[in-house]
Amino acid sequence: MKQLRSNTNREIADYCHFFRGYSFIEIKLFKEGKSELNLISKKFAFYPFVNKNLGDASLELKEFEKAIYYFKEVEKLPITKKQEYKKSLIYDNLGISYLHLNQFPQAEDYFFKSLELKENEKDSISLVTLYTNIANLYYLQYKDQQATPYFKKAYILSKKVNNFQSKKNAAQNMAVVEENKGNYKQALVYRKESEQWKDSLNNQNKVWAVADFEKKFAVAQKQKQIKVLEVENKLKNSQRNWLFFSAISLLLLLTIGIYLYAQKVKNAKIILLQKNKLDELNATKDQLFSIVSHDLRSSVNALKTSNAKLSATLETKNYDELNQLIIQNSGIANGAYSLLDNLLHWALLQTKQLYFHKESVHLFSIVQQIEYNYKPLLLDKSISFENSVSKNIFIFVDLDSLKIVLRNLLDNAIKFSKENGKISFYTQENNPEFCQLVLQDTGLGMDNETIAAILKDDELLAKKGKSETIGTGLGMQLCKQMIKKNGGTIQIESELHKGTKMILTFPKTEQNG
């Protein structure tokens, strides 16, 4: 800044702005860095490197269109041996920018340009990241078959790098891949491996922290020793008191040593207890994150895609299609809301804060309301809905929990039904005191092992054996608990590729007599 104030030479000013801008970016002050770099004239000898840094800063600030502009300016330049950056990195950053803008063909083109160069370079960590980016590109487009090989490449290569974060992320991605395939046993293996690398990363950070603490402690001990020597030198001037003060000094040092050792043991115990508690909290947090990420990701991606179509439709003023997209968005939002509603009610159930008030409920009307709520989703998949529930049936249950159960079961039936399928609600009266409500669909169906796993009374946050994962089992666990609290039962009859029957039994009210 002193140089800029005292000199009007343009070239020197460009160097000053460049060094300031580069320094700001290095300490993650990206806006300030961009402001300085934009003050550099285009005649500056290292202007391509200026554009590269402007692109990096824009990418960090999530200004993806600006980042694309700067990186494309760098891309135009020929590759030379003297350049201060790798062309593969420019391609990679362009791919990332297009990926965030959901411009998948452009992202794919630049990722593979980067891959062609990086496979000849000796930067394994960077290649692991690129493989992961390509996998995520396909994954966001629901092209799981194309995404899986790159997740596997990233995982295999991560074994050869000395970077715990890369190893952890690669193993976690493979766990998600296996979960999506339904291979929960192998997914659990990858989850455990990811946790091991996570622990290794934490241990590495702790080792560095302990080393730093020991270094400071050693310096402090040296300083104490110097002070002791100074005291001893002063004591030598008075031989008559030398023995007395020496004894006092040794006793003081011994007391301090014992005190420090006792404090160290005490602190170690406290740290161990805190670590165990933190591990438990982290395990619960990771499981809850798994629920949200697994079930909300599809809804969010669908909403993003639908909103993009909505913007395009607004420009063309196609009001019929606009109406359909609005209905579709409403259905997606309802699905996400249902998940959050499930999470809330599950939490209330676990903490025993959910209030149940049983009353006489007209079953036909409730099924009719549920059908109305899910009409957009039914229309979207061209699924026919039949409400054959007897209009004379009244059951004695908690109304809110009954709606939650029926919403979850209908949502599952829609989710696992193909287009042009059929979903039916009807009643069976085999017992004068109870009513059987049957939800029948023509969907994918289940085998006996899956049915047994669903009906098994497991703790929700424990993954045992081949039981359902949290992300796919939360709604069903909630249904089972609420049906039980209402004095009802649930049975499942299903056959692969031939549909499923959910048979719910609830107590009738006296009005049925």
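No lab work stands behind these numbers, since they all come straight from the coordinates. Every value quoted in this text rests on a predicted model; they were computed, and no experiment measured them. Note that each Cβ is placed from the backbone with ideal geometry, even for glycine, and that neighbours are counted across all protein chains shown.
Among 316-323, 97-104, 171-178, how do they line up from the highest to the lowest mean number of other beta-carbon atoms within 10 Å?
The densest-packed peptide leads the list: 171-178, 97-104, 316-323.
Compute the separation of the alpha-carbon centres of the range 361-423 and the range 473-510 and state it in Å as a whole number.
13 Å
How big is the Kirkwood radius of the range 2-121, worked out from every pair of different alpha carbons and given in Å to one decimal?
That comes to 15.1 Å for the range 2-121.
Once the Cβ-Cβ distance between Gln239 and Ala268 is put in as r, and R0 is 51 Å, what FRET efficiency do you end up with, to the nearest 0.05?
0.70
Would you mind calculating the relative contact order of the range 357-512 from Cα pairs under 8 angstrom and at least 6 residues apart, reporting the percent as a whole number?
Value for the range 357-512: 27 percent.
Given the pairs Lys34/Lys118; Lys113/Lys152; Lys181/Lys277; Lys181/Lys415; Lys52/Lys118; Lys122/Lys160, which span a C-alpha to C-alpha distance of over 24 angstrom in this model?
Among Lys34/Lys118; Lys113/Lys152; Lys181/Lys277; Lys181/Lys415; Lys52/Lys118; Lys122/Lys160, the Cα-Cα distance tops 24 Å for Lys34/Lys118; Lys181/Lys277.
What do you get for Rg/Rh of the range 350-450 when both radii come from the Cα atoms and Rh is the Kirkwood radius?
Result for the range 350-450 is an Rg/Rh of 1.00.
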